[in-house]
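Step one of this worksheet: look at the structure below.
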Amino acid sequence: MKMLSRRIPTLLALLLLPVLSLPAVDDPGKWRGERVGWARLKTPSKYWFRHATGDPVLMQFFRESTSLNIDPTWYAADVEKLDQLCKYPLLFSQGVHMVDSPKGRENLAEYIRRGGFLLIDSCINHGVTPDPDIFLALQEQFLQTILPGARVLPLPGNHAVYRTYFQIQGGEPPHTYFNNVYDKEWRKHGLYGVFIDSRMVGIISLSGLQCGWDRMIAPPGHDVACMRMLVNIYIYAMLQGN
Amino acid sequence: MTGAVDWQFAGLLQGMPHGVAWALLGSAALLGILLAAKSYQNTLRNLPPYARISLAALRIAVVLAILACLANPQRTRTGTVQPGARDTLLLLVDRSDSMNAKDYRGLSRLADATRQWKIHEKDAKETFAGSRASRFATKVLDASGVDDAVDPSVSAGETHQTHLYSALREALAKSPAAIVCLTDGIDTTGETPTSLVSEAQRDGIPIYFALGKNRIQSSEMLNIREIKAPSQVLRQTQFNVSALVDATMPQDGEVTIELWSGGAKLSSANLLLRRGRNTLAWPTAVTSPEPGPMHLEFRLGEGKQRQLAHCTTRVIEKEKIDVLYYQGALQWGYRFLLTALQSDPSFNMESILNPALGVHLTAGGKAGHELTDLPGTAKELKRFQIVILAHVFADRLTAAQQSALIEYVRGGGGVLFIAPDSNAAAGFSGTPIEGMLPVAFDARTLAKSAEAGEQEFRRKMMSASAMVEIDPGSPGLNQELASLQAFTIPAGSSRALTALRGLDAANLPRLSQYAKVAGPKPGAEVLAVREPTATDKSRDILLAKQQFGEGFSAFLATDLLWRWKMALPSTSRAVEVFWQQLLLSLTPAPRSGLRLARLTDAPALATPVTIRVESSSDLPAPTVTCVSPTGTITPLTLQESPGRESGAWTAAFTPDQPGMWGVSAVDGAASSAGLQFPVSDKARTTEALDIPPDIEGMRRIAESTGGALIGDEPVFKTRTVTDGEWQRKNTEPLWNSSWLLAALLGLYGTELAVRRIFKLL
């Protein structure tokens, strides 16, 4: 009997093993749609792929927390090659102001006119982006040049982008700070929408979301907060028409 | 069943001669006994002899019980079978008024049918093991024999109507070897014989008819039973209207039917009518004029016999199309489809996502009335002309949602089912949704595994020349998406979809991914297939459509074509044109407008005339009036039709004078409809209209079921029932009992307990 009583936990574990290994009923990955790739916009800037090493972490987060069938790797889309841009419905960019060739500018404009969505997120490293206000102005100026009539407008705190998938408390994006030192000049910026008429064709972030998910120095949980914001932007872009 | 009772071994020993089986079983038993005895000869501990013997005996008992179970003896009964219901002939005699009416010679149709039957009765007796007889008019009543069934002095119940088809179906339910029906082929219920023939074919029961004829002079009756026209149509488009004609003819002949509008004859035809009662539809195509009400009038026959029926269709400038979009998975195509439809204000798309995805989206709905999930009733779906199901999963649609979709399409809705994923599509195999779609799925051909799909995707994303192994630290992976595959219209297709017809070959849709299906269903129209490539010659179905009930279902086996949109110059409108045209082509015809149908066959003085009124359930009840031959207008009271959905009523009035009466109706949308018909001064039921026997109708039923019309030629094939033919063999397991299993386990458990007592465990 003693031997039997010693074996009871093992037997119970063996019996419960198949039950415990069953997938959760509401596993979002069960209902994945069409596969899509994640790409960074390749520009003449030497920083265009900065923090790309963290992108697979973001893809993994996408796959674990949503049913989006996103490829786990990251790709590059050269701004000089329109056919490369058009393979991705959303392009991530460190900043488009560095695109100086006429062909690159025309490609980017055509990509947006065909229905592509542009997500610009500044790196908070002062060596890359010394001044957030200047960065924002450069993006706006560039976009208005290539897309006459485009407007860059701040998104209010009650905008759907803050609640499309995750509920972003406070209606503002999480901010990453250079060396984790608070900076009100960065903090004052929320998200900005790029509009052509009533259609949102892109979003500009000055929150260093990529720095956050690449696990720069930041408070615990900040990486997840940045990825949640990014997921919201991505899914919001998927669901918008004109 | 009577005969000998025997037994036999089953399982591995089944079919072996008893001697061999017993020898094998005995050998196995002996071997088991020896092994059991041997196993307790030497034990880990010393045991007293009685313990050793007890344990060995228990194990031997277990071994023998297992062998007995494996042998599984069965009881076998072999014997002869007495002829049952399946071997008898069922004689069904029509005793309605039309069968009893006599001609100038005093001969009734019943007497003529009986005479014909008597000629073949002897053959029937030789062919069938036995016979039974019944009589019927409105109800089937058993009779003791043929003479009793045809005896005019024996009541057959209410005889002013004939429920011929229901009586035959009742006879089929008794599973006879064959049915012989003495009748004139008249059924007064308005029922069609379709279901009767199906049931007879399914059960393999031939139906023979002894058709009674006499020389009663038949009269002619014409009636426009009802007319169908859409409530509204677009200007300068072609639409269909139809009239359902009910006519009784003494001889084969024809009658003229015309369609008039605003004093102009739009179309006409000569309907061929056969002798007897005819019910046939006359559909005709009409081109709509400029916007405004379009009055349509059907005219059947000429002179005093002429019947009139009219209705109004509204011609409109532009139609609003409400689309319900339901998405089962997150995908980018929605953004591009929405943009394509938003470019045409005719479309209003209300979108919902599968709530399980956790994404909050209810776009396009009226404030406060947004849907949060796919409705579970057809009523909620009816406000949409089209429902798009994009990348849905079978296990995420409830039974109620699937039933609602089917009922919705059957009632005139349109469903576009989009599935780019073979696995997700195959999940619908065997579901009610598959039953509605124009293609069949094959659950056995599930597509690639997730891993294979991942590799395929990466292969597509990276060109061979720039293939770079994924390294998170390596920047700049150049990619080249494999060329998008093209739609093509299948060779030999006479009808290209409007959505594709408007595009030149270079602008036909192109896709990245598509689902493979087992094939199209009979009756489905394949509108587009995949263009074969150098490496893959298959022409898989990409787009198919079929009528389902009064609506349409279509299947698009591709993604939502966003990559095609992104591959085209921004100035191209091909994608927008494709989606808009595709949805327009699937938009069901507008629901029928106001409709009137006369339910009384032969209106007569002082006899109630009943009219059925149908209108849109969205509108208040229409106003209905009747107009007497002298022009007196009387409003009629509507009563909701029991058992019908909302929007259907009946109205009744009793004519107080003979002549041409009319009934008119006007609904809340100012549509009108009307019927005109003669009222005779003498009440006549259909039975009393002297309708000639329906020879052709009965011939068709008989031939469809393997029977025949009984005439002078022999129709029954004589056969001899041999003794061997009635042999039956029945086997029944003897030890199929849970007690035996319990005893076996009990013996084994006892052995284990005893082993424990003697510390062998």
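The values are calculated or read from the model by the stated rules, or taken from the named source; none is laboratory data. For clarity, every value in this text was computed on a predicted model and none was experimentally measured. Cβ sites come from the backbone with ideal geometry, for glycine too, and all protein chains shown count toward neighbours.
Brief remarks follow.
- Residue count for segment B:311-327, restricted to those that are out of contact with any Leu (no Cβ under 6 Å at 6 or more places or on another chain), crowded, with 22+ Cβ neighbours inside 10 Å and not β-branched (Val, Ile, Thr): 2.
- Residue in segment B:486-493 that is assigned by TED's automatic domain parsing to the domain that holds B:PHE384, modelled with pLDDT of 85 or more and not hydroxyl-bearing (Ser, Thr, Tyr) present: no
- Meets criteria (in a loop (DSSP other than H, G, I, E, B) and over 25 Å from A:LEU41 (Cα atoms)) for A:PRO219: yes
- For segment A:28-50, a residue qualifies if it is of a type in the set (Gly, Ala, Ser) and either in contact with a helix residue (DSSP H, G or I) (Cβ under 9 Å, 6 or more places away or on another chain) or facing chain B (nearest Cβ under 9 Å) (or both), and the qualifying residues are A:GLY29, A:GLY33, A:GLY37, A:ALA39.
- Residue satisfying all of: in segment B:160-191; hydroxyl-bearing (Ser, Thr, Tyr) and free of Cβ contacts under 8 Å to residues at least 60 places away in the same chain; farthest from B:LEU280 (Cα to Cα) among these: B:SER166
- Subset tally (residues that are crowded, with 18+ Cβ neighbours inside 10 Å and either of a type in the set (Asp, Glu) or at pLDDT 90 or above (or both)) for segment B:272-293: 1
- Selection count, segment A:79-90, where residues are more than 7 Å from chain B (Cβ to nearest Cβ) and either of a type outside the set (Ser, Thr, Tyr) or assigned to a strand (DSSP E or B) (or both): 7
- Per this entry, B:THR256 is counted among residues that are in contact with a Ser or Thr (Cβ under 7 Å, 6 or more places away or on another chain), among the hydroxyl-bearing types (Ser, Thr, Tyr), surrounded by fewer than 17 Cβ atoms within 10 Å (Cβ to Cβ) and under 17 Å from B:GLY303 (Cβ atoms).
- Checking each residue in segment A:51-70 for being surrounded by fewer than 20 Cβ atoms within 10 Å (Cβ to Cβ) and at the interface with chain B (Cβ under 8 Å from one of its Cβ atoms) picks out A:THR53, A:PRO56.
- Just one of the listed residues (A:LEU118, A:LEU155) is within 30 Å of B:ALA340 (Cβ to Cβ), surrounded by 19 or more Cβ atoms within 10 Å (Cβ to Cβ), modelled with pLDDT of 95 or more and within 14 Å of chain B (Cβ to nearest Cβ), and it is A:LEU118.
- Scanning segment A:158-190 for residues that are of a type in the set (Ser, Thr, Tyr) and either assigned to a helix (DSSP H, G or I) or surrounded by 14 or more Cβ atoms within 10 Å (Cβ to Cβ) (or both) gives A:TYR162, A:THR164, A:TYR165, A:THR176, A:TYR177.
- B:ASN348 meets the conditions (1) within 22 Å of B:TRP562 (Cα to Cα); (2) within 14 Å of another protein chain (Cβ to nearest Cβ); (3) touching a residue at least 40 places away in the same chain (Cβ under 8 Å) in every case but one. The failed one is (3).
- Looking at B:THR339, B:THR398, just one residue is closer than 26 Å to A:THR66 by Cβ, away from chain A (no Cβ under 14 Å) and of a type outside the set (D, E, K, R), and that residue is B:THR398.
- Identity of the residue in segment B:374-396, part of a loop (DSSP other than H, G, I, E, B) and without any contact (Cβ under 8 Å) to a residue 60 or more places away in the chain, that ends up surrounded by the most Cβ atoms within 10 Å (Cβ to Cβ): B:LEU374
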